[in-house]
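Participant: Here it is, the structure in full.
Just so it is clear, none of the values below were taken in a lab; they were calculated from the coordinates. Only a predicted model underlies this, so the values are computations on that prediction, with no experimental measurement involved.
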Amino acid sequence: MREFLLALQKRAKENIASIRSKIDAAQTADEVRSLDKQLTDAENELRSIDAQLANLDADEQSKRGAAPQGALDPMAAYSVQRSATVGGEQPLDENVKRRLAFANYVTRGIKPYYLTEERSDATTTTTDVAVAIPDNLLNKIIEKMEDIGQILPLVTHTTYPYGTAIPIDGAKPVASWVAEGASSDAQKKKMSGKISFTGYKLRCEISMTQEVSVRTLPAFETMFVKQVAQAMVKAREAAIVSDNDGSTKSTGILYNANEATQPDKKVEIPKLATGHITYKFLCDMEAQVPSQYEATAVWCMTKKTFMTIYGMTDNNGQPIAKINTGISGKPERFILGRAVVLADEYMDTYVETALTADSCFCFIFDFSDYDENTMYDLGIKSKEDWDTEDKKTKAVMSVDGKVLRRDSLVKGIKKAS
């Protein structure tokens, strides 16, 4: 019976993945709505299969007796009734065992039976990672980060071993016109340089109250994934957009180590009292974007800065910025036809008042030219707060990031008064 249900489960997951691919490639809203209905039906079918598998697990667990007092009960986690069974005792499903052990470690401090050393791909150099997060939760955290992040989905993600030198593509080969029967010179691929990644420790601390121990396993996992993902996303995106020099965390896009000899392209608003964002200022920034980045580079700014530009018009009274509703129903922002990515909390907002220091309040950049490197060797350590009985859980991962090439970067700067 289990083999049959597992086969159905695999087929249902493949069907869901196929439908999601069709949704991504859909061209019209009607097509998306039709596919959404198919996706809902397929997901309902998968949930039904998962429930039947959970019932089998419940029957097997009931043969082993009640769960230890104070620990999460996997049967309650699946919201199923215990039922009488006959036959020999069988072990609990390994995946459920790992999830249950991890939940009890976070909520009650019970050391799990598996250790971090079991992960052959773990390369965390920090010494305070006690327990590796189970793969199913790790995947959910990664997916959640990609879902809630504005900038993370746009950058390049790699998993190079720390300390390895990675070459960067240099000049591209060019084609040449030749006479009939003639040949052209072979051109060797050039490398413009090398970069290497280290493993900076990214840490966030979350709190699980004592009351969470009575919750079901899916509820615990949903809360854990949400808290860790949100904290990690903000820290990672802030580092990507910043002017950090890479000494303590990922090198930011706005930092240029060679500014003195190879300065970034920039358009400045003068420090005069009349200096402010103009149609010409935006056109000057757009003019400096190389044509090969026409389809890939995007604006990056805060929402307040965008709304300031949204209220502007050109000399003919036409709006410079637009807000459209995408197929997903979410707003899509554009300035002079180029997409806008919001970076609230990560960079300065344009203000009309005088400044005491230069402010980079917007930039244009192809985020795929930024490489964030991590092995996703995410681990946690837990302790109990003596005063509140809350469980303090510290999540740690190693991350580093660098700009691969700065050709597409154009900065918008307001000068200090």
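Participant: When DSSP assigns beta bridges and you keep just the ones with both residues in segment 218-347, what percent turn out antiparallel, to the nearest 5? Provide the component values of the computation, followed by the final result.
Facilitator: On the way: 8 of 11 bridges.
Just about 75 percent of them are antiparallel.
Participant: Express in nm, to one decimal, how much length is gained between Glu3 and Ala339 on full extension, taking 0.36 nm for each residue of separation and deducting their alpha carbon distance. Kindly include the intermediate steps, with their values, before the conclusion.
Facilitator: Values: separation 336, 0.36 × 336 = 120.96 nm, distance 4.83 nm.
Once the chain is fully extended between Glu3 and Ala339, it gains 116.1 nm.
Participant: Right, something else. Would you mind checking the pairs Lys111/Lys201; Lys37/Lys144; Lys97/Lys392; Lys144/Lys234 and listing those with alpha carbons more than 21 angstrom apart? Before the final figure, lay out the partial values.
Facilitator: Details: Lys111/Lys201 24 Å; Lys37/Lys144 23 Å; Lys97/Lys392 23 Å; Lys144/Lys234 12 Å.
Pairs exceeding the cut-off: Lys111/Lys201; Lys37/Lys144; Lys97/Lys392.
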